[in-house]
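Report on one structure; see the data block that follows.
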Amino acid sequence: MKQSFCSGRDLQTLLDSIKSSEVVENRVQLLKELGKIELSEKSAVNSVVESLITLWEEFTCLDISQCTLHRTILQVATKYLESDISGCLVQFLVLGIKANIWCRKHLKMTLMSTQDSPEEEHSSFFYQLVLDLFCYSAATYSALARCLVLTSKELMVSLENFISEHLTLTKDLVSEMKNIHTLGPELLKGAQMALDAVTRLCRVYCNGVEWDIYNAKIEVDKGDCKEAELGVHVIVVTNCTIEKLCELGIIAANDGGSLVSLLNTSWKGVVSLLQLGKGSLAEKVNITGVITTLTSLASASLRCAAETWSSSITEKVSEAEAKRTFLPVKFYLINAVRIISQYQTQAFFVYKEIALCVVMILTFRISLSKIEHLNSASHVLAEILEPTSLHLLNSLLNSAQVKEENKFQILDWLFSNESDMVCAAEVSSTNDSFDSLDALFSVSFDAMNKEKIFTLGRVSLFLNLLKGAADLEDDVRLGIARKLGWLLDTLVDEDVYSSILVLKIPILHGSAEPNYHPVFCAVLHALKTFMITVSSSLAWKEVESFLIENLFHPHFLCWEIITELWCFILRHADTDMVNDVIDKICSLLRLTSSESVLSPDSVLRKTARLICILVKYGPQLMADQVYSSVLDCNRSQCPSSVYTALLMEGFPLNSLSEKNRSIAKQRVVTQYFDFLETFEEKSPGQSNSGVYGAPVFALCAALESLQVSLSDSDMKTLKFLVAIIRKYKMSTDTAIKDNYRALLGELLGIISNMKHLYSSDEMEGVILELQKLFISKPELSDCQLFLCKPNLAYFMAGLGHVELADSDARSLAEWELYHMLLRERHWAFVHLAITAFGYFAAHTSCNELWRFVPQDAALSYDLESGNEADEERFMSELKVFLEKERACPILQANLDQLEVLVKEGQMLKEIVQNNITINLETTICDMMEIDDEKQPNKKRKFPDGICKGVELLQNGLKIMVDGLSQWQQNQCNSTEVHKKFLSHFSRLEDVIAHLVSLADSD
């Protein structure tokens, strides 16, 4: 039965007995008796609490009996917190302050004594005391929450001190939780209970303040009123609570996962409190510090995972393990998003930290995807963290409180070549490995390499912004549109470009599993999505300018992207827009008619190439529109260079309507034969139309694209080729020879597409003429004749379709032509020659293929030294080449093929770098030698013996020429021997001429 004291005298007698007793156990017993008494008067409660404070202060030592006494004091005080304490709130807070200070002091002593001489019973009593103190604190907060009015400044100060001391003790206890082996789980539960209580108290106080009145009074009266004073106190209390909760959240995060419940309680408390006060908390609370702390915790968790996984070379990381790793990171990011959404203005001051966190997460996902046994972790990261991290940045970019110029500032920092992103990450030069995962999060990694790592993450972020543009505000879309040029500039970076076609990234489709696509496909998809989103906004003008400015981008990959975007626009735009775009591009084509049609890099050819692609992949009626604008001779007076350029770029004649298609194809054939008929009448100089022999170029291009067939029963083409060869050899004017040489190459291309011509009788004469031109007696000035060799290779491939004799003059010429092609040691010619020979070998009925392969074929030399030739090596290289050719149609290369390509790419890169180094060293040496001589115009001469030897060779060559002429006149029956001798003599003539030119130049 509880006793009810109505008389203050009886209560005072009991309190005096407790105070006068010298035995601790007696005091404990009396305190228990006190706890059974119900006090109905406020003054009685006040007397009891003051006595409890005095009693607490009397005992400062730490032993079991005193712990028991202190526990009893707290239990009694907790019991009276349930009664009316409105008149003695300060006393209860003072008791709590002293108890927290006492426990903090003795916590350190207990931990030290436990390390020296563990006493389980002693520590158990102390931790029971701390647990009782947590219960008292929670009860105190609940009692204060029932008293909505803070009556005095003394009470306000006491509450601030109590909260500070309580949370400081909680922080100290949690920090040492690993060293506490007694009542650990119970202590954590008690701490969480008290944290929940203080959070509820702050929420009650914040809701009890009229914040609109407070803000008005602060602005007008400078806070000189009761409402303002109350608001200031609530802000101070809430700020103290938030700061301590942040500290607890950091400690719980660093524990490694055993304090998950405390982690949730602390950070959820921070977020819930920051959502109160209608923004007034920003005056005192360090919002930027809270946001930075959360992003730092996210980065630290990822760094820990990176360090762990970097040490594992082959062990696969399971999805379950990856989820356990990434879920805490998501928790930090979600809380950061909530705070940023509430305090957008303050969040802008740490936009670099926010943006850097997002980029690091995206970059980490890319780094994981490059390692086979970490692919599952990359997939989980893309699913769990990537959407949340993007929301982190979007919360800032979509803010109505952040000004437009500030949003542009964020985008400029993210997507600019002058960004100080690495400086924001606080990196410095070290020798860390570039390939390690934790290098991304390391604060001591080489700045230049880290910038390269970030670049892929920035590209990924930009693509995500493009795809998510529908969820962004118009001003942000405008800022993104202005950064489209940065994307192209970044894609051509050597480190990024190497990943564009190989690296795959996940593309999420709702709740389904993500599909992995190459970055190149993702770039196109993102840009198309962005164009659709901004098609009716101000940002479209920026997009349109971007597409026009990069219409002729010098890098082929970027040009492919721009071209695909134009095709996309024309496929989905309305008819008027399509017609307008095509008319403008056709007008541009006509304006470029003066450019060289024979140069693939000329503006004329580039424009024609763009039009052809647009026609192939655009609306069906586009082909007829271009034909009417450019190709229709009845409506257009365009020079033939424009018409030829379109055909050379593969204009799809088959896409024309039936009538136009028939007319266009007939025009190609007719103009070709008209040119052949009038060939002798026209001057071979530069024509007024821009290119001499344009019909020949047009027909060759049309035949290669298999759009035109040609019946040549009277063999005009073969006769024309022979005539061109002879005129070429007889010409002395450089411009005329260039025109003939260009026609020669195109005619070889035409014949290679007309298989029926190879079986004609005139073909032998053509082959013999080609032998004389390329082998028997080439002119020393024909340094550009090699330009015809690509089409010569195609021509030679066609010989596989006819039956060959074993040893006649034609066979000899064919052997020698193949010998010439296969000896070429330039990589492009090697490719063409081996392709032609492979096709020839696969189709010919000749059994003596070895005759066509010279012993010194380019592929016979070993790759390392390049000195020794071996016929078996040629056959081995031919086999490898043919196997590669068969593998080319495969869309998905296997790992072995990719490894071969990577190895070859590395070898090619090393060769290029070595050549650059050698050329640079040679140039430096030459410059130094010239500077030393101080005679820049002085020629360095060969030794006299070499010059004299060259002169003797020249004289001997003249004597041999005279002797050959006499022999040919007197020995008419030795034609075959004469040809062989002439062949060797021509080679000797080439060598001597080369030595003469070399001696003259030096």
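Any read-out appearing in this document is the output of simple, stated calculations on the displayed coordinates, not a laboratory observation. As the structure is a prediction and not an experimental result, all values here were calculated from the model. Quick reminder, even Gly has a Cβ in these numbers, built from the backbone with ideal geometry, and neighbours come from all protein chains shown.
Laid out as a table, the results:
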quantity	calculated
Pairs from Lys178/Lys268; Lys105/Lys323; Lys98/Lys244 whose Cα-Cα separation, in the structure shown, is over 29 Å	Lys105/Lys323
Ala735-Glu560 FRET efficiency (beta carbon distance; Förster radius 51 Å; 0.05 resolution)	0.90
Theoretical gain in end-to-end length, Lys948 to Lys659 [0.36 nm per residue, Cα-Cα removed]	96.9 nm
Computed lengthening from Thr314 to Asn914, 0.36 nm per intervening residue step minus Cα-Cα distance	212.5 nm
Simple spin-label estimate for Gln29 and Asp489 in nanometres, 7 Å along Cα-Cβ	8.8
Pairs of lysine residues in segment 711-870 - Cα separation under 13 Å, sequence separation of 8 or more or cross-chain	5
Label-to-label distance, nm, for residues given as Arg873 and Phe679 (7 Å Cα→Cβ offset)	4.3
Cys521-Ile548 FRET efficiency (beta carbon distance; Förster radius 22 Å; 0.05 resolution)	0.35
Length added when fully stretched, Lys189-Glu848, from 0.36 nm per residue minus Cα-Cα	228.1 nm
For segment 573-709: rounded, prolate or oblate by the Cα gyration tensor [a/c cutoff 1.5]	prolate
Asp583 versus Ser296: modelled label distance in nm, points set 7 Å from Cα along the beta carbon direction	6.3
Long-range lysine pairs (8 or more apart or interchain), segment 573-709, Cα under 29 Å	10
FRET efficiency estimate (nearest 0.05) - Cβ-Cβ, Lys716 to Glu764, R0 22 angstrom	0.80
Residues of segment 735-771 with amide N under 20 Å of a point placed 7 Å along Cα→Cβ from Cys783	735-742
